[in-house]
Amino acid sequence: MDIFAEDIAKQAMEAISQRIRNMTTLNIVVVGKSGVGKSTLINSVFRENLAETGIGRPVTQSIRCITKPGFPLAIYDTPGFELGKKQQAAVKDEVLKIIHSGNTGHDINKAIHALWYCVNVGSNRTFDESELEWLRSFTEENRLTRVPVFIVLTQAFPKKKAEEMKRCIEGENLEICKVCPVLAQDIDFDEEYVAKAYGLDTLIEVMGQVLPDELQDTLMNVQKVSLRAKKKRAHAAVAAAVAAAFGEGFAPVPFADAAMLIPTQVAMIASITAIFGLDVDKSVLTGFVSSALGSGGATIVGRTIATNLLKLVPNPGTIAVGGTISGATAGIVTTALGEAYILLMEQIYLGTMRAEDLTTETGASKFKELLNRRKKKALPDEGITE
Ligand SMILES: Nc1nc2c(ncn2[C@@H]2O[C@H](COP(=O)(O)OP(=O)(O)O)[C@@H](O)[C@H]2O)c(=O)[nH]1
Ligand SMILES: [Mg+2]
């Protein structure tokens, strides 16, 4: 069976768009007075400028839902929360109503998955009593619905003051997940001192600890603040793909049939791409496939695939015996391919490599060099069990 790198890239493109289309929608309610920094927070955490460019539609008297087509996130914003006690009570009832109606159909896409209660550190002396009352009453009524509540201390500067507020709130023993101080954007004091943004990665990482498994890929897809969390999830996706396809029950195949591994690898690449939430196009994928599996636009035959995949493995000597690919070998080479792709996604995420670089000769050789460096860094017997 002959295959073109471009065909594999096309399959991968299709798998990626299907993957993203099928992602579970993450629904977050954001509560807080006007001006505390809700919009800034949302735009800084998520990769689309949702608060700015999203489409808002009113869902209740005082709550609107912001979404963007093709983006698996919905933010329920609560404008007017500052307008006194009556309005705050109304917001509370409406939030609870939305939570209940989200739960009725047992559709995870409709449920509310988290509530961010935002309080501004800069302008508050202490935590306002009326806000505490709101939280006490809300968390009480949330006992059965159990929507995870995060208190986000926005514009958390000076840090010492933020820490004080955090301790004060923690002392209330509310049923909340976490108090997270954040500075969403740098603050520039007369150009003499800059307070650096911080805390957004922690907010996402603690969210990751409480969200159900169905939402983990979505959370990684939409967030743009924790590369560490994206990589961790991507590594897990590689391990899961390998275990599912090449675990027990995989009958060894001849080298010439290495193309059999491709559907699993295409699905794995799609998962990783969805987790990184990066726009990759067909030329990038063609470039990657060509550099990993074979050469240029030419057809790649099974044997070439096997040989080139083995080149990605730090120490292929011990596994390339017998002329057949066992489940363990298939796992090792597929893992190596996944790790190479994660490396590429990381470079693109960090901006040290542009997506289109891979289609040029200098870009491709730069990537090869990175792969080699990664291979050398790996322990001599990394992952090899056969
Ligand atoms: N430098 C900086 N400014 C912020 C931050 N958060 C909010 N602001 C500013 O505070 C003002 C109100 O923020 P906004 O996000 O619109 O608040 P919202 O009404 O709660 O949505 C805006 O001028 C923001 O630029 C932050 O983390 N850093
Ligand atoms: Mg706003």
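The values are calculated or read from the model by the stated rules, or taken from the named source; none is laboratory data. Quick caveat, the model's predicted, so the values are computed rather than measured. With ideal geometry, Cβ positions are generated from the backbone for all residues, glycine too; neighbour counts draw on all protein chains shown. Ligands, DNA and RNA are excluded from the accessible area calculation, which covers all protein heavy atoms including side chains. Shrake-Rupley method; radii C 1.70, N 1.55, O 1.52, S 1.80 Å.
The table below lists the values:
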read-out	value
Answer residue from the range 230-279, given it is among the charged types (D, E, K, R) and at pLDDT below 95 and is surrounded by the fewest Cβ atoms within 10 Å (Cβ to Cβ) among those	248
Odd one out for residue 159 among (1) in contact with a Pro (Cβ under 9 Å, 6 or more places away or on another chain); (2) touching a residue at least 40 places away in the same chain (Cβ under 8 Å)	(2)
Where a residue in the range 27-39 is under 21 Å from residue 223 (Cα atoms) and its partner, wherever it lies, is within 7 Å of ligand 1 (Cβ to nearest atom) and open to solvent by 50 Å² or more (accessible area, probe 1.4 Å), with Cβ under 6 Å and at least six apart	37/155
Yes/no for residue 94 being more than 29 Å from residue 197 (Cα to Cα) and in contact with a Ser or Thr (Cβ under 7 Å, 6 or more places away or on another chain)	yes
Cross-chain or 6+ apart pairs with Cβ under 7 Å, the range 47-65 first and without any contact (Cβ under 8 Å) to a residue 12 or more places away in the chain, then open to solvent by 30 Å² or more (accessible area, probe 1.4 Å)	57/64; 58/64
Qualifying strands (runs of 3 or more DSSP E) (wholly inside the range 130-229; at least 3 residues being assigned by TED's automatic domain parsing to the domain that holds residue 95, surrounded by fewer than 17 Cβ atoms within 10 Å (Cβ to Cβ) and within 15 Å of ligand 1 (Cβ to nearest atom))	187-189, 193-195
Subset of the range 35-77 that is among the basic types (Lys, Arg) and away from ligand 1 (no atom under 11 Å from the Cβ) - its residue that is farthest from residue 117 (Cα to Cα)	68
Residue 303 touching a residue at least 40 places away in the same chain (Cβ under 8 Å) and open to solvent by 50 Å² or more (accessible area, probe 1.4 Å)	yes
Scope the range 204-215; condition touching a helix residue (DSSP H, G or I) at 6+ places or on another chain (Cβ under 7 Å) and closer than 14 Å to residue 28 by Cα; matching residues	204, 207, 208, 211
Leading residue by the ranking (nearest to ligand 1 (Cβ to nearest atom)) among those in the range 17-34 that are hydrophobic (A, V, I, L, M, F, W, C) and touching a His at 6+ places or on another chain (Cβ under 8 Å)	28
Selection count, the range 181-197, where residues are touching a residue at least 40 places away in the same chain (Cβ under 8 Å) and either more than 16 Å from ligand 2 (Cβ to nearest atom) or at positive phi (or both)	2
